[in-house]
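Worksheet for the structure shown next.
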Amino acid sequence: MDDKTFRRRLDGLKPVVAERLPYFLKLNADARGTVRLQCPAAGPSPSVNCPRPERLRPARPTATGPPQTVIKLADLRSRASHASARPTIQLPDREWADPPGKEALPAVCGASAISVPSDAAGDLKNAKFRQDSHYLSPTWARTYKPIRSHNESLKGADMVVGNPMHRRVPGQVAQTILIAIMATIGNLDILETWLYERTGNRLCDTDFESIAAAPGCDLSSVPAPIDMGRHPPANL
């Protein structure tokens, strides 16, 4: 099913979402904020089975002898750590016949771990790995729903700061922050409308020195302004 259908049926599909847990990349971070992510099938305690690490990075033989073949069924930890107790990643059929190289696979498959620096905001390919909440997880839902509700409440054409329906969040601190944001947006709308009506330019224009001065401006040559916000007083 597509993403929209899945999210609509999320309440009934929570067990399916929970089954993703063993497949999550293992997370470590250092004092500089760099995040190191390891394949869930790698390391001494893998949570899934995958043939890719075994092919790309075969384990080195150890001096301790062959792997333990006897399982202590009475030992819960021994049973849980056995490969047969872990889920197995299903590879595409074409990969078995024609195994791709490291460059054609995710970076984490061909390395012991990948690093995502704290300043990866400009790198969308890697920045997504710094998400604190996994998509559609219970934590994500608790975080996403209030934010979505706040965004929807701010979409009205008339921004009335005194209307509590535009600030659907409890707490004095949160209310104060939202009022400050709404006041800033309202002021920017006023400035945008004032500038557009007199010069035909937008606030997003970076070269403000090239904008003609307001005095002596021929308003008849300015296109009809889009109602971007509250109009300035007539005496300005």
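Test Q90 against the stated conditions and say whether it is modelled with pLDDT of 85 or more, open to solvent by 100 Å² or more (accessible area, probe 1.4 Å) and under 20 Å from N49 (Cβ atoms). Don't jump to the end; show me each part of the working.
Values: modelled with pLDDT of 85 or more: yes; open to solvent by 100 Å² or more (accessible area, probe 1.4 Å): yes; under 20 Å from N49 (Cβ atoms): yes.
For Q90, the condition - modelled with pLDDT of 85 or more, open to solvent by 100 Å² or more (accessible area, probe 1.4 Å) and under 20 Å from N49 (Cβ atoms) - is met.
Taking the conditions exactly as written (free of Cβ contacts under 8 Å to residues at least 12 places away in the same chain and within 24 Å of A127 (Cα to Cα)), does D11 satisfy them or not?
Details: free of Cβ contacts under 8 Å to residues at least 12 places away in the same chain: yes; within 24 Å of A127 (Cα to Cα): no.
Spelling it out, it is not the case that D11 is free of Cβ contacts under 8 Å to residues at least 12 places away in the same chain and within 24 Å of A127 (Cα to Cα).
Please list, ordered by residue number, the helices (runs of 4 or more DSSP H) wholly in the stretch 93-173 having 3 or more residues that are modelled with pLDDT of 80 or more and closer than 20 Å to L25 by Cα. Steps first, please.
Working: elements: 93-97, 124-127, 138-153.
Output list reads 138-153.
Under 8 Å between Cβ atoms, at least 6 apart or on separate chains: pull out the pairs that start in the stretch 73-88 with a residue that is farther than 16 Å from A41 by Cβ and end on any residue that is assigned to a loop (DSSP other than H, G, I, E, B) and open to solvent by 70 Å² or more (accessible area, probe 1.4 Å).
What qualifies is S78/K72; R79/K72; R79/L73.
The values are calculated or read from the model by the stated rules, or taken from the named source; none is laboratory data. These figures come from a predicted structure and were not determined experimentally. So basically every Cβ, Gly included, is an ideal-geometry build from the backbone, and we count neighbours across all protein chains shown. These area figures cover heavy atoms from the full protein model, side chains too; ligands, DNA and RNA do not enter into them. Shrake-Rupley method; radii C 1.70, N 1.55, O 1.52, S 1.80 Å.
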